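First the structure, in the form of C-alpha cells, and then the observations on it.
The values are calculated or read from the model by the stated rules, or taken from the named source; none is laboratory data. Every value quoted in this text rests on a predicted model; they were computed, and no experiment measured them. Heads up, the Cβs are rebuilt from the backbone with ideal geometry, glycines too, and the neighbour counts pull from every protein chain shown.
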C-alpha cells in the first residue's frame, strides 16, 4: 500500500521519476528501495548515466524522509542541501537505490528541532546496487522546513 502511494506521488510530483522509469520496490520505517531500468537512463557506453544513478539515490533518500514525516503527521518541505556520490562499478542494467538514515538515533532530535525552529537537517545514505553488488554510495544532507502562514 505505502509503495503504491509513494509511486503515485513521485510520478505526479517529480516528473523525472516517471521519465527514468522509477519503480518503488519497498517502503519501511528504516528504508526506501527504488528500482530503475537501464533503457531510459543509458549513456553512450551502454551503462547507466552517472546523473541517473545520482538522481535515483537522491529520490530514494528524499522519499525516506518524505515517508517518515508523513507517518508522523508533519507537513514539511524537504530539499537537498548537498550530496556526494562515489561510483565503484559501472551499472550495465536495471539497478536499485536503497536509502537509510546515517544516524537513526538522530531522528527524535531532528523532529524536535523541526518543531522548535521550523527547520532541521538530517543526513541520509543510499546504496546503489547492480546484479547484487554495491555499485555506488551516496550521502546527502537534507533540510526540512515547516511552511510559513503564506505557504512558503
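What the table below lists for this structure:
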| item | result |
| --- | --- |
| Check on residue 98, in a strand (DSSP E or B), closer than 12 Å to residue 142 by Cα and modelled with pLDDT of 95 or more | no |
| Yes/no for residue 39 being within 26 Å of residue 20 (Cα to Cα) and loosely packed, with under 12 Cβ neighbours inside 10 Å | yes |
| Residue identified as closer than 26 Å to residue 42 by Cβ and outside any strand (DSSP E or B) among 140, 148, 106, 93 | 93 |
| Options 26, 63; residue that is under 16 Å from residue 127 (Cβ atoms), outside any strand (DSSP E or B) and in contact with a helix residue (DSSP H, G or I) (Cβ under 7 Å, 6 or more places away or on another chain) | 63 |
| Index of the failed condition, residue 29 passing every other in (1) farther than 19 Å from residue 2 by Cβ; (2) surrounded by fewer than 14 Cβ atoms within 10 Å (Cβ to Cβ); (3) without any contact (Cβ under 8 Å) to a residue 60 or more places away in the chain | (1) |
| Enumeration of residues in the range 8-22 that are farther than 23 Å from residue 123 by Cα and touching a strand residue (DSSP E or B) at 6+ places or on another chain (Cβ under 6 Å) | 20, 21 |
| Among residues of the range 78-90, those that are part of a strand (DSSP E or B) and under 19 Å from residue 41 (Cα atoms), counted | 3 |
| Subset of the range 26-58 (residues that are more than 20 Å from residue 89 (Cβ to Cβ) and touching a strand residue (DSSP E or B) at 6+ places or on another chain (Cβ under 9 Å)) | 26, 27, 30, 31, 32 |
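Residues are listed down the side, and each one gets a yes or a no for (1) surrounded by 15 or more Cβ atoms within 10 Å (Cβ to Cβ); (2) touching a helix residue (DSSP H, G or I) at 6+ places or on another chain (Cβ under 9 Å):
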site	(1), (2)
45	no, no
49	yes, yes
58	yes, no
78	yes, yes
83	yes, yes
100	yes, yes
111	yes, yes
122	yes, yes
131	no, no
